[in-house]
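Novice: Quick one: this structure, given as structure tokens, is what I'll be asking you about.
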Amino acid sequence: MQKKKERNSIPEVVVADSSPLISFARANKLHIIPSIYKKIIIPQGVYDEIVVKGRGKPGAEEIKSADWISLCEINNQVEVEKLEEKFGRGESEAVVLAQELKAILLADEWGVIREARRRGIEITSTHLVLIEAKKRRLTESVKKELEELIVSGFRTTQVLIKETLHIAGE
């Protein structure tokens with residue numbers, strides 16, 4: 001893992017929360033993310049959740065060795081501590097880091113998304129990654145990809161599935 005301080009202005013760079021990374025890893029689809037984004041930046045809390053606490057689970061080794069992921073330190077620890085009243089460490093750090101870097105946040109949990117939007121942070125999600133993968137012809141079927149993610153434990157709603165498939169033209 002590389003330490004990175006400055007923000008890359010290319011929109012293909014995002015700060016990731018652990019949930020989407022774990023979901024893609026469990027479904028053996030982690031390769032989709034670096035096909036769309038040039039680099040994923042994660043804070044220490046997300047790294048710890050996936051690699052340290054998640055040792056031996058899907059995604060741990062892949063995240064640990066991924067050259068497309070950079071570990072980045074957070075400056076505003078006070079803001080992280082405030083957010084920890086609502087969210088876990090990884091989620092709190094991901095939101096604050098995305099805000100500090102003025103980056104897109106890759107997250108799936110509604111509360112995290114709502115907080116990020118409140119802070120003016122642009123959002124992407126597992127559903128949006130799949131739509132983008134289809135646009136770039138990295139997959140033929142968002143429905144198939146979603147079904148495989150769900151079978152492996154990805155949680156979503158019928159409303160989101162329907163909306164995603166509509167946007168994807170399926």
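The values are calculated or read from the model by the stated rules, or taken from the named source; none is laboratory data. It should be emphasised that the depicted structure is a prediction, and the values quoted were computed from it without experimental measurement. Cβ coordinates were reconstructed from backbone atoms using ideal geometry, including for glycine residues, and neighbour counts include every protein chain displayed. Keep in mind that these areas ignore ligands, DNA and RNA; they rest on the heavy atoms of the full protein, side chains included. Shrake-Rupley method; radii C 1.70, N 1.55, O 1.52, S 1.80 Å.
Novice: Within the set of pairs 6 or more residues apart or between chains, which connect a residue that is within 14 Å of LYS86 (Cβ to Cβ) inside segment 107-135 to a residue that is open to solvent by less than 10 Å² (accessible area, probe 1.4 Å) and of a type outside the set (A, V, I, L, M, F, W, C) with Cβ atoms less than 7 Å apart?
Specialist: That search, which allows pairs on different chains as well, returns ALA107/ASP17; ALA107/PRO20; VAL112/ASP17.
Novice: Since SER70 meets every condition but one in (1) under 19 Å from PHE87 (Cα atoms); (2) small (Gly, Ala, Ser); (3) in contact with a strand residue (DSSP E or B) (Cβ under 9 Å, 6 or more places away or on another chain), which condition does it not meet?
Specialist: Condition (1) is where SER70 drops out.
Novice: Which of the residues that make up segment 145-162 are closer than 16 Å to ALA133 by Cα and either within 16 Å of the chain's Cα centre (by Cα) or of a type outside the set (A, V, I, L, M, F, W, C) (or both)? Talk me through it step by step, then tell me what you get.
Specialist: First, pick out the residues of segment 145-162 that are closer than 16 Å to ALA133 by Cα: 145-149, 161.
GLU145, LEU146, GLU147, GLU148, LEU149, listed by residue number.
Novice: Being in contact with a strand residue (DSSP E or B) (Cβ under 6 Å, 6 or more places away or on another chain) and either under 19 Å from LYS29 (Cβ atoms) or not in a helix (DSSP H, G or I) (or both) is the requirement here; does ILE131 meet it? Break it down stepwise before answering.
Specialist: On the way: in contact with a strand residue (DSSP E or B) (Cβ under 6 Å, 6 or more places away or on another chain): no; either under 19 Å from LYS29 (Cβ atoms) or not in a helix (DSSP H, G or I) (or both): yes.
So ILE131 does not fit the description; no.
Novice: Taking VAL95 as the residue in question, decide whether it is hydrophobic (A, V, I, L, M, F, W, C), modelled with pLDDT of 95 or more and over 16 Å from VAL15 (Cα atoms). It would help to see each step written out before you state the result.
Specialist: Working: hydrophobic (A, V, I, L, M, F, W, C): yes; modelled with pLDDT of 95 or more: yes; over 16 Å from VAL15 (Cα atoms): no.
Answer is no for this residue.
Novice: What residue, among those in segment 136-154 that are charged (D, E, K, R) and without any contact (Cβ under 8 Å) to a residue 24 or more places away in the chain, is surrounded by the fewest Cβ atoms within 10 Å (Cβ to Cβ)? Don't jump to the end; show me each part of the working.
Specialist: Of the residues in segment 136-154, the ones charged (D, E, K, R) are 136-137, 140, 143-145, 147-148.
Cutting the leftovers down to without any contact (Cβ under 8 Å) to a residue 24 or more places away in the chain gives us 137, 140, 144, 147.
Details: ARG137: 7, GLU140: 11, LYS144: 12, GLU147: 14.
Checking each candidate, the answer is ARG137.
Novice: Something else: Can you give me the ranges of the helices (runs of 4 or more DSSP H) entirely in segment 3-115 with at least 2 residues that are under 24 Å from GLU148 (Cα atoms) and of a type in the set (S, T, N, Q)?
Specialist: Numbers: elements: 18-26, 32-36, 44-47, 60-65, 77-83, 89-101.
The helices (runs of 4 or more DSSP H) meeting that bar are 18-26.
Novice: Here are some residues: SER70, SER65. Which one is out of contact with any helix residue (DSSP H, G or I) (no Cβ under 8 Å at 6 or more places or on another chain), of a type in the set (Ser, Thr, Tyr) and free of Cβ contacts under 8 Å to residues at least 12 places away in the same chain? So that I can check it myself, show each step before the final result.
Specialist: Working: SER70 fails: free of Cβ contacts under 8 Å to residues at least 12 places away in the same chain.
After applying the criteria, what remains is SER65.
Novice: Starting from segment 79-96, take each residue that is of a type in the set (Asp, Glu) and list its partners that are in a helix (DSSP H, G or I), counting only C-beta distances under 6 angstrom and pairs at least six apart or across chains.
Specialist: Partner pairs satisfying both residue conditions: GLU79/VAL96; GLU84/SER92; GLU91/VAL112; GLU93/GLY45; GLU93/VAL80.
Novice: Residues of segment 87-109 being within 20 Å of LYS53 (Cα to Cα) and open to solvent by 60 Å² or more (accessible area, probe 1.4 Å), which ones?
Specialist: Answer for segment 87-109, where residues must be within 20 Å of LYS53 (Cα to Cα) and open to solvent by 60 Å² or more (accessible area, probe 1.4 Å): ARG89, GLU109.
Novice: Those residues that are of a type in the set (Val, Ile, Thr) and buried (at least 17 other Cβ atoms within 10 Å of the Cβ), I need them from segment 59-86; list them, please. It would help to see each step written out before you state the result.
Specialist: At the first step, the residues of segment 59-86 found to be of a type in the set (Val, Ile, Thr) are 63, 69, 74, 78, 80.
Answer for segment 59-86, where residues must be of a type in the set (Val, Ile, Thr) and buried (at least 17 other Cβ atoms within 10 Å of the Cβ): ILE63, ILE69, ILE74, VAL80.
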